[in-house]
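Derivation of every value follows stated rules applied to the coordinates shown; laboratory data play no part. Bear in mind that the values here come from a model prediction, so they are computed numbers and not experimental data. Glycine also receives a Cβ, built like all others from the backbone with ideal geometry; neighbour counts cover every protein chain displayed.
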Amino acid sequence: MGEKKDVLQGTLALMVLKTLEALGPLHGYGIARRIEQTSGDLLSLNYGTLYPALLKLEQEGFISSEWGFSDNNRKAKYYKLTRAGHRQLERETREWNETAAILQRFLAPSEER
Amino acid sequence: MSTPPPAFLRAAFLRFASLFRKHKLDRELSAELESHLQLHIEDNLRAGMSSSEARRHALLRLGGLQQTTEDYRDQRGAHFFESIWRDTIFGLRQLLKNPGFTFVAIFTLALGIGANSAIFSFVSGTLLRPLPYRDPDRLIQLWSSEPQRGWWKNIVSVGDFTDWKNRNHSFEDMAGYIDASSNLSVGQQAIVLPGLSVTSNFFAVLGAVPQMGQPFRPGDDLPGAPHVALISRSLWVQRFGSDPQIVGKSIRLNSENYTILGVASSSSALQTEGGPLAQFWIPYAYDPATADHDMHALYVIGRLRQGVSLAQAQQEMKMIASQLEKQYPKFDLGWTVKAEGLRESLTGDVRPVLIILMGAVACVLLIACVNVANLQLSRGGTRQREIALRSALGANRSRLIRQLLVESSLLAFSAAVIGSLLAGWIVNVLLKSYFADDPSFEAVHLDSRVLLFTVLVSVVTVFLSGLVPAFMTSGIHLESSLRESSRSSGTSGKTHRLRGILVTAECGLAMLLLVGAGLLIRTFVALNSVNPGLDPHNVLTFELSLSNFHYKDQPARLAFYDRFLERLSALPGVEAAGLVTRPPFLGYNGWGFVTSENPEPPLDSQPDASYQVISPDYFKVMRIPLIQGRFFLPSDRNGSAPVAIVNQTLARTYWPGQNPVGKQLSMDPKVYPWVTVVGLVGDVHRQGLDSDFAPELFFPYRQLPWMNNPHSFAIRTSGNPLLLTNSVRQAVSELDQDAAIDSPLTMEQVIRLRSLANRSFNMVLLGSLAGIALVLAVVGIFGVISYSVSQRTPEIGLRMALGASSPDVLKLILSQGLRIAGVGVLAGVLASLIFAHAMTSLLFRVSAIDPATFAAVGLLLMTVMLLATYLPARRATRVDPVVALRYE
C-alpha cells in the first residue's frame, strides 16, 4: 500500500463527467464520494476543489444543475450530463486512451530488434 | 440552423454575466456547501463518529470554507472583473495624487493622438473615401499621354475618345466631360455658374441616378439636339426654391434656354481638375462620325467590365493607341493612353504629402509614448516601495503588471478624448486656411472611421507607453527594495540604461522630422526667391464670360473687347489694361506651329508652344521686359501685316544663336498666313514657380482668326487691386447685362494659390510636428539627466570629496547628455537617408540628402539637447560633498 495520490490536473473534469454518465444526476458530495470509491480509495480528493470544477463544466455547457432532494430528504444541488457533455466525455475518453496508449508503449520494457 | 458557440466563448460570457448576479450566486454557493457538509456529517455519524468529530472531519475534507469560496468565485469570473474595477479606482486615486505627472502625461499623449486623428481625418476624407458612385472601384480615368514631352495626363481629343469607346472590350462604357461654366442672369448682373458639358451616357457610367426627373437620353449629345440640362440639388434649392414641378421648366444659361430634365442627387458631382463642383450638366454636342483628333477637348472616364483588371484595360488601351498612331500619324504619333483609378486620379496630388504626414504624426506619437514611458519609469522608482509591499502581501507579477497597465489605459483614454477635441480644432483650422473652397476636401471631418482609428491608436498607446514600465517596475526584487532605500537598488541601473536608450530613440525621431521640416522650409524659401518673370504687385486678373449666343463670331467678340478695354483703361486707379488668353499660372494652352526654316517637320518633332492672344498693353500690365524688337501696336490689326512676339525660350529652342526678330512662323501654312516675329520678350514661369520655362507665342488680338477665344483680362492699378473689382463688374454690366466677371484675383493671390499654398501647407504642418517632436525630446532628455543626477548625488559627492572640481562634474554630466544626443542625431541622419526618396517629390531645388540642411538641423538639435542637459548638470556641481556622503 503506497500513499494516496492527488488528483491529476485536468483529469478531475473527466472523472466528474464519467461519474455522472454512470450514475445519472448526482449532488457534489455524491460525486466526490463516488470518485474516491471508484479509485479504491487510492485517490484523495480535496472536496473543496470539486466545486470550482463543477462550475467550470457548467459554464462550458457540459453539465447542468438544479436543486432537488437527497434520499434522506436533504436539499441538494443535483448535476447531470448535457448532450454536449456526453460528446465531450466521448472525446476526452478517446484522447485519454490515446495518451495512455502512447505512454504505455514508452514505458513498456524495450524490445530487442 | 445555427451552430452553438464554442465552449470557451460561452464560458467567458457566463463569467461576465455572473458579475451582475453576484449576491444571488454567492447565496447559492453557501447553500450548496452547507448541504454538502450536512450530507457528509450524516455519513460520518452513521460511521460512528461523535457529532463534533463528524463536523470537524467534514470541514477538514472540504478544505476550508473560505478557500473554497474564493476558488469558486475566481472560477465564476468575479475576481477578474472586480479586480479590474478596483484597479481602475486605485489607478484614478494614484493619478489624482500626482496631478503634475498626470497632466504632463495626458497632455503629451493628447498631442500625439490628436495629431494622428487630425491627419487621419484628411487621409480618410480623401485617400480612403469611397467615391459616391455605384461600384466606384471600377471607375477609371483615362488620359492621353505623350511621354516624350512629359505630358503624362492630357485631356483627350473627341476623335480619340470615339475610337477608344468603339474599339475597346475592357470597358462597359466611356463618358467624356469638360468644363462648361456659363453665365446665369440674376437681376441686373450675371454670375458665372460652374457646370459641365458631358456626353449623354455620363450619369450612366458614373452609376448616379437623378433624385428627380431623368438623366440624359442617347442622342441628347448629337449636334442640333434640343437644349436640355440637369441641375444640381443645391441649385434647385437655392435658385428654384425646391420647386417640386421643376422638371420641364427652363434655365437660362449664356442667354439660351435649356429645358430641365431633372435634378441630380447631391452625390453625382464630379469636377474637372481643381475646378469647383458642377451646378448643372448640359450635353456635349459632337458628331462621332466627324470628330477630330487634333483638339484635346474632353476628360474621359470609363467603367471597367466585371472581372477586368486595371492592368488589362491599360494593356488594351495601349494597343488601341498604337493603332491610332498609325491611322492618324499627324495628330496621334507619340500619344498613348494612361489609365488610373478615378479615386487615385482625384487624389493624386495629396497622396504623397498625406503619406509623409501620416509617417510624421506616427513619429510624434512614438516620441510622446517614449516620454510618458520615461515618466512612468522615473515614477516607478519612487513607487518601488509601494509595489514591493503589494507583492509581499501576495500580489503576483501579472497582477502588478495589470495594475500598471490599467493606469496607462486611464492616461491614454483621457488623452484620446482631449486629443479628439484637439484634432477637431486642427482639422477646422487647416480646412479654413488652406482648402476653404476645395470640394476635394469636403469629406474631411472627424467621422466614425476617424474615431475608430483614434481608439485603435489609444490602445497602441497603452502598450507603447505602459508595457515597458510595467514590466520593469513590477520585476523588483522583493527583499532588496524593502531592505534598501529606493535610491541604489539593482534594477534602477537597468531602468536607467533603458531610459537612456528610449531618449536616444526619441532624439533620432526628432532629428528625422526636423530634417524633413528643414528640407521643406528650404524648398519654400527657394520657391519664394524664384523670379516669376513678371511684376505681380498691383495687378488684378479676372475672366470675362460672354454668352456664345450674342457673340457667335470672333469679330463680334473683338468689337466687345475693344470697347471693354477702353472702359477699363478709363477707370480711375487703372494704369493699364490688357487682354490675354490665360494669365500665367492659370493654365497652359499648347499649340503646334512651324517655322519658315523647317516648314514640314517630321511628325514626331513638331514645334509646340503656349499660345496667347493679347492686347498691346498686356506686357506693360505684367511688366514683362522687351528684349528685342517691339511690343504690339494698336495698328497691328486685320489688314495689316500679320505679326507675332516670342519669348526667349522659344527663340533659343527653334532659332538657337539667331536673332528671332524678322523670322517667320505659321500655325499651319496650309490654312493660316505666315506671320513675322517683331519682338522678343522675357520668360515667365507660366506653369508655376517650380516649372521650367516653356516656349511662348503671342499674337495681337486684333488680327483674326484666333485659334481659341481669349477671355482673361489683367489690369495694373495704382492702389489695392481688389478695390477695383466692383467698378470692373459695373463696367461690364453697363456694356452687356448678360456678361459676367469670374474669379477676380490679384496676381499675387494667383501665385500664392497656384504655386505656394500647397508648399506652405506641407511646410507648416511638418514644421509644427517637428517642433512638437523637438520640445518632447527636450523634455525627455531633461527628465533623464535630472533623474540621473539625483541618482548619482552620492557618487558626485564622493568625486568632489576626492578633489573633482565643478567643471569636472559639469563635464561628466554634459558628456552623458552629449552621448545620448549624438547617437540620436546619427540614428536620425540614417533614418533620413533611408526615407529620402519619399521626400523627393515634395522638394524644389534642394536635394533630399542636402548636407547643409542635415548639418544645420543636427547642430540645432545638439545645441538644444545640450542646453536641456546643462540645467541639471549645473545642479550637480552644487552638490555639497558632506551632505551627499552623509546621505549615503
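Largest first, the extents of the alpha carbon coordinates of the stretch B:551-735 on the three principal axes equal 50, 37, 27 Å. Once the Cβ-Cβ distance of B:L866 and B:S309 is raised to the sixth power relative to R0 = 51 Å, the FRET efficiency obtained is 0.35.
From the square roots a ≥ b ≥ c of the eigenvalues of the alpha-carbon gyration tensor of the stretch B:1-140, which class results: rounded (a/c under 1.5), prolate (a/b over b/c), or oblate? Note, shape of the stretch B:1-140 comes out oblate. The relative contact order of the stretch B:109-238, computed from alpha carbon pairs under 8 Å that lie at least 6 residues apart in sequence, is 16 percent.
Measuring from label point to label point, each 7 Å out along Cα→Cβ, what is the B:S768 to B:W706 span in nm? If labels sit at B:S768 and B:W706, their model points lie 4.3 nm apart. Ordering B:L196, B:L422 from the fewest to the most neighbouring beta carbons within 10 Å gives B:L422, B:L196.
In this rough spin-label picture, where each label sits 7 Å from Cα along the Cβ direction, the A:E21-B:S398 distance is 3.1 nm. When the stretch A:5-107 is described by a simple charge dipole with +1 on each Lys and Arg Cβ and -1 on each Asp and Glu Cβ, the residue from A:T38, A:A22, A:N73 located farthest towards its positive end is A:N73.
Only the Cβ atoms of Lys and Arg (+1) and of Asp and Glu (-1) were treated as charged; on that basis the dipole of the protein assembly as shown about its Cα centre amounts to roughly 3640 debye.
For chain B, the residue among B:V427, B:S786, B:I614 whose Cα projects farthest onto the positive side of the dipole built from Cβ charges is B:S786.
The mean number of partner chain beta-carbon atoms within 10 angstrom of a residue's beta-carbon across peptide B:33-42 is 6. Taking the DSSP bridge list for the protein assembly as shown and keeping only pairs wholly inside it, about 80 percent are antiparallel. When chain B is described by a simple charge dipole with +1 on each Lys and Arg Cβ and -1 on each Asp and Glu Cβ, the residue from B:G307, B:W236, B:I320 located farthest towards its positive end is B:G307. Taking R0 as 56 Å, what FRET efficiency do you get between B:V459 and B:R46 from their Cβ-Cβ distance, rounded to the nearest 0.05? Once rounded, the FRET efficiency stands at 0.40. The relative contact order of chain A, computed from alpha carbon pairs under 8 Å that lie at least 6 residues apart in sequence, is 28 percent. For A:Y51, B:Y787, the sequence from fewest to most other C-beta atoms within 10 Å is B:Y787, A:Y51. Measuring from centroid to centroid over Cα atoms, what is the spacing of the stretch B:356-409 and the stretch B:649-688 in Å? Result: 72 Å between the Cα centres. Here's how it looks for B:L193: its modeled amide H is under 5 Å from those of B:S182, B:N183, B:L184, which are all 5 or more places away or on a different chain.
Working note: Debye formula, equal point scatterers on the alpha-carbon atoms of the stretch B:739-868, no solvent; log10 I(q)/I(0) at q = 0.09, 0.10 Å⁻¹ is -0.46, -0.53.
Basic side chains Lys and Arg get +1 at the Cβ, acidic Asp and Glu get -1 at the Cβ, and with that the dipole of chain B about its Cα centre reaches some 3680 debye.
For chain B, the relative contact order works out to 15 percent when only alpha carbon pairs closer than 8 Å and six or more residues apart are counted. With neighbour counts taken as other beta-carbon atoms within 10 Å, the residues B:C363, B:C369 rank, fewest first, as B:C363, B:C369.
Scaled against 2.2 N^0.38 Å for its residue count N, the alpha carbon radius of gyration of chain A is 1.24. For the protein assembly as shown, how big is the tail of P(r) above 42 Å, as a whole percent of Cα pairs? Here the long-distance tail beyond 42 Å is 60 percent of all Cα pairs in the protein assembly as shown. Give the aspartates and glutamates whose C-alpha is closer than 13 Å to that of A:K75, dropping any in the same chain fewer than 8 places away, or say none. Answer for A:K75, where 13 Å is the Cα cut-off: A:E66, B:E28, B:E32, B:E34, listed by chain and number.
Over the C-alpha atoms of the stretch B:264-420, the Rg to Rh ratio, Rh being the Kirkwood estimate, stands at 1.32. Computed over the stretch B:136-347, the percent of Cα pairs more than 31 Å apart is 22. Counting only lysines at least 8 places from B:K670 when in the same chain, those with an alpha carbon closer than 23 Å to its own are B:K326, B:K330. For the stretch B:527-589, the spread of Cα positions along the three principal axes, ordered from largest to smallest, is 45, 32, 14 Å.
Taking the Cα centre of the stretch B:494-568 as origin and assigning +1 to Lys and Arg Cβ atoms and -1 to Asp and Glu Cβ atoms, the resulting dipole is close to 620 debye. Dividing the summed helix terms, -39500 (n - 2.57) for each DSSP H run of n ≥ 4, by the number of residues in the protein assembly as shown produces a 222 nm estimate of -18000 deg cm²/dmol to the nearest 500.
Normalised Debye scattering of chain B at q = 0.07, 0.10 Å⁻¹ gives log10 I(q)/I(0) of -0.78, -1.18, counting only Cα atoms as equal scatterers and leaving out solvent. With bins 10 Å wide beginning at 0, the percent of Cα pairs of the stretch B:7-76 falling in each bin runs 19, 38, 25, 14, 4. Whole Å is fine, so just give me how far the alpha carbon centre of the stretch B:128-199 lies from that of the stretch A:46-113. Taking the Cα centre of the stretch A:46-113 as reference, the centre of the stretch B:128-199 is 72 Å away. Spin-label pair A:N46-B:V247: with each label point 7 Å from Cα along the Cα-Cβ axis, the two points sit 8.1 nm from one another. Extension gain, B:L830-B:A17: 0.36 nm per intervening residue step, less the Cα-Cα distance, totals 287.4 nm. State the Cα centre-to-centre distance between the stretch B:32-110 and the stretch B:508-549 in whole Å. The distance from the Cα centre of the stretch B:32-110 to that of the stretch B:508-549 comes to 70 Å. Tell me the net charge near B:F81. Cut-off is 13 Å between Cβ atoms, B:F81 excluded, with +1 for each Lys or Arg and -1 for each Asp or Glu. Summing Lys/Arg as +1 and Asp/Glu as -1 gives +4.
Kirkwood radius and radius of gyration were both taken over the C-alpha atoms of the stretch B:655-787, and their ratio Rg/Rh is 1.22.
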